[in-house]
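Right, one structure below, let's go through it.
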Amino acid sequence: MSTLLLRAGVTCHELANQDFLTLNPEDPRYSQVEYILLDPSCSGSGMVGRMNELTDSPGSVPAQRLQSLAAFQLRCLNHALCFPRLQRLIYSTCSVHEEENEGVVRACLREHRRSFRLVPVLPSWPERGQAPLTQCLRASPGETLTNGFFVAMLERRSPGEQEDELTSDEDVISFPANSDVEAESHDPSPLEAEPAPTASKKKRKKRKKKPKQQQEN
């Protein structure tokens, strides 16, 4: 990361090699932060070099995997908005899936609607976020001849500013019960987890034991 920053001409940086979710927003080192670029782990489904039969169709990424990624992304976004002096935040992914993009932003706004609002990103850019979040920016090989990206900008409201109308509950993405899934590199895929025994199986085991007890008596 340090090499990439230097190549980009960034010299005023300090790398913190730790989990972002463990950072304390009230820590004196970070409590004065006003701008955050949040680029969390995602499916990478927008990267042209990786687009193939495994990544470039809507159904290619298992729904459960998308839900887990979206849950982690929402945790990061909610945590970032807790920094007390934050004025603006950019949320970006290299994903083409709504679950990781507009879905995460909608869920976040329902919790932080009184403090933050969406603001337009590059209004002249031709491809926009899915309605009603047209303030967001999308990019895709088909529309803009680029990799697939999503960008949203959240800005802190001024005191007394009226809240924007939000979408209905049906439009907000729903997350699984285990929505505390960590980063992609930290946890195995939910599809790899061994299913827990069902209640019906346990009952069948108990029924098998009853005849044995009767015979012994």
For segment 1-152, report the translational diffusion coefficient in µm²/s to the nearest whole number, using Stokes-Einstein at 10 °C, 1.306 mPa s, and a Kirkwood Rh over Cα pairs.
-> 95
Suppose R0 equals 25 Å; then what is the FRET efficiency for Thr3 and Arg157 from their Cβ-Cβ distance, rounded to the nearest 0.05?
-> 0.05
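Can you tell me how much longer the chain between Leu122 and Ala63 gets when fully stretched, taken as 0.36 nm per residue apart minus their C-alpha distance, in nm with one decimal? Kindly include the intermediate steps, with their values, before the conclusion.
Numbers: separation 59, 0.36 × 59 = 21.24 nm, distance 3.07 nm.
Length gained, Leu122 through Ala63: 18.2 nm.
What ranking do 115-124, 78-87 get when scored by the average of other Cβ atoms within 10 Å per residue, highest first? Numbers along the way, then the final one.
Values: 115-124: 14.3, 78-87: 16.3.
Result, highest mean Cβ count within 10 Å first: 78-87, 115-124.
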From the backbone phi of segment 94-101, what are the Karplus-calculated ³J(HN,Hα) couplings (6.51 cos²θ - 1.76 cosθ + 1.60, θ = phi - 60°) in whole Hz, Gly and Pro given as x?
-> 9, 10, 9, 8, 4, 4, 8, 10
How long is the gain from Tyr35 to Arg85 if the chain were fully straight, where each residue apart is worth 0.36 nm and the alpha carbon distance is subtracted?
-> 17.1 nm
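Every number in this text was worked out from the coordinates using simple rules, so none of it is lab data. Quick caveat, the model's predicted, so the values are computed rather than measured. We place every Cβ from the backbone using ideal geometry, glycine too, and count neighbours over all the protein chains shown.
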